[in-house]
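Worksheet: the structure to be examined is printed underneath.
The values are calculated or read from the model by the stated rules, or taken from the named source; none is laboratory data. On a predicted model such as this, the values are computed, not experimentally measured, just so you know. Note that we place each Cβ from the backbone using ideal geometry, even for glycine, and neighbour counts take in every protein chain shown.
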Amino acid sequence: MRQLRHWLRERIELEGLLRFLKGKTVPHHRHSYIYLSGGVLLFLLAIQVISGTLLLAHYSPGENTAFESIVHLVTQVPMGAYIRSIHSWGANLMVFFLFLHLFCVLLYKGYRRPRELTWMGGFLLFILVLASGFSGYLLPWNQLALAATKVGTDAPRALGLPGIWISLLLRGGQDITGVTLGRFFALHVWGLPLLFFPLLALHLFLVQMQGMAVPPSIEREGGYGVIPFFPNFLYRDLVLWLLTLGVVLTLAVLFPWPLGEKADPLAPTPEGIKPEWYFLFLFQTLKLFPARIMGISGESIAMIVILWVALATFLYPFIDRQAEPTKTPLLLRLAPYLGISYVLFMTLWGLLS
């Protein structure tokens, strides 16, 4: 071990890395648990990469091969059904913790100066993860995924010519076909990861440079200290990672991800079709608008409102610029609470309706 350590020291500056880890600290206060959500996301990302790579070894994209390759994976490949369930449940848990992470940053104002770029990068990562979930949903090529993709790729058409162009670009034509499947496969496996991982590296770099944000209420009280990242905070991360792994494995065993029926592009869309739970708040929002508003399509107005809200959220650090929260206008102070409550209410409504 001494020789191995000496060999590594000469080549990768192992001592410098250890000094960095030993010198890194994390704020310690009554809300310190919020810092654990980022580590859980990285752990779930690792699960997705590993399980996705294993699935990729047996998956064959194509209108006549995709569903059959999943059937072969589930029925013939040892642990195939288990790995598929791990990947599917891991994706859902990753989106859940991503929402939780986003909500915590909003509520505790972790986007304040000088962390504007950290927030903007994190919000773009949030969009890319949702896009990855949307693209991966079609890959099993079952009837439910086909119907949901039809609804999802029809939505941009409400924006007029730009939206129609986006819809045609995603579908590769007017209808959902094997070409669409190929494009979604390329997006899921190559296109989105090529954007995601460099942006994630930048996000993590900014977090390391700026340190963890402290909630304004704690800053005003001044009653917080710091703990070493290694090993104190890392041990807490590891405990939560083990619990998360246990939850993923348990869900995969007790609730295997369903296979469904093979997709038939000519079949009618099933009644009551709904998107995955993390798109339900958008789906329910579109349903709130009437068919026509002053001669304009209600769906078009809804899409424009959604895009403006997304842009405002992306630029929120420049909207809420007050360093002292007590000086922030009441509407801006309430905006995060109202937004989070709206997302939760709409999601619950969509699940129960």
- Output for Cβ contacts, cut-off 6 Å, separation at least six or different chains, first residue under 18 Å from residue 95 (Cβ atoms) in the stretch 341-353, second assigned to a helix (DSSP H, G or I) and polar (S, T, N, Q), reads 346/284; 350/284
- Tally, over the stretch 169-191, of residues that are part of a helix (DSSP H, G or I) and either among the aliphatic types (A, V, I, L, M) or touching a Pro at 6+ places or on another chain (Cβ under 7 Å) (or both): 9
- Task: Filter the stretch 283-318 down to residues that are among the hydrophobic types (A, V, I, L, M, F, W, C) and not in a helix (DSSP H, G or I) and give me whichever is nearest to residue 115 (Cα to Cα).
- Result: 315
- Item | Condition met for residue 189 (touching a helix residue (DSSP H, G or I) at 6+ places or on another chain (Cβ under 8 Å), surrounded by 15 or more Cβ atoms within 10 Å (Cβ to Cβ) and of a type in the set (A, V, I, L, M)) | yes
- residue 199 fails exactly one of (1) over 17 Å from the mean Cα position of the chain (by Cα); (2) at pLDDT 95 or above, namely (1)
- Does residue 16 satisfy being at pLDDT below 95 and among the small types (Gly, Ala, Ser)? yes
- Note on the structure: If we keep only residues of the stretch 94-119 that are buried (at least 19 other Cβ atoms within 10 Å of the Cβ) and of a type in the set (A, V, I, L, M), then the residue nearest to residue 240 (Cα to Cα) is 94
- Item | Single unsatisfied condition, residue 227 versus (1) aliphatic (A, V, I, L, M); (2) touching a His at 6+ places or on another chain (Cβ under 6 Å); (3) modelled with pLDDT of 95 or more | (3)
- Can you tell me which residues in the stretch 59-109 are in a loop (DSSP other than H, G, I, E, B) and either touching a Ser or Thr at 6+ places or on another chain (Cβ under 6 Å) or aromatic (Phe, Trp, Tyr) (or both)? 59, 60, 108
- Hey, among 169, 204, 187, 161, which residue is over 27 Å from residue 300 (Cβ atoms) and modelled with pLDDT of 90 or more? 204
- Task: Examine the stretch 222-236 for a residue that is hydrophobic (A, V, I, L, M, F, W, C), part of a helix (DSSP H, G or I), under 30 Å from residue 348 (Cα atoms) and touching a residue at least 40 places away in the same chain (Cβ under 8 Å), and state whether such a residue exists.
- Result: no
- Message: Among (1) within 30 Å of residue 264 (Cα to Cα); (2) of a type in the set (Phe, Trp, Tyr); (3) buried (at least 21 other Cβ atoms within 10 Å of the Cβ), there is one condition residue 82 misses while meeting the rest; what is its number?
- Response: (3)
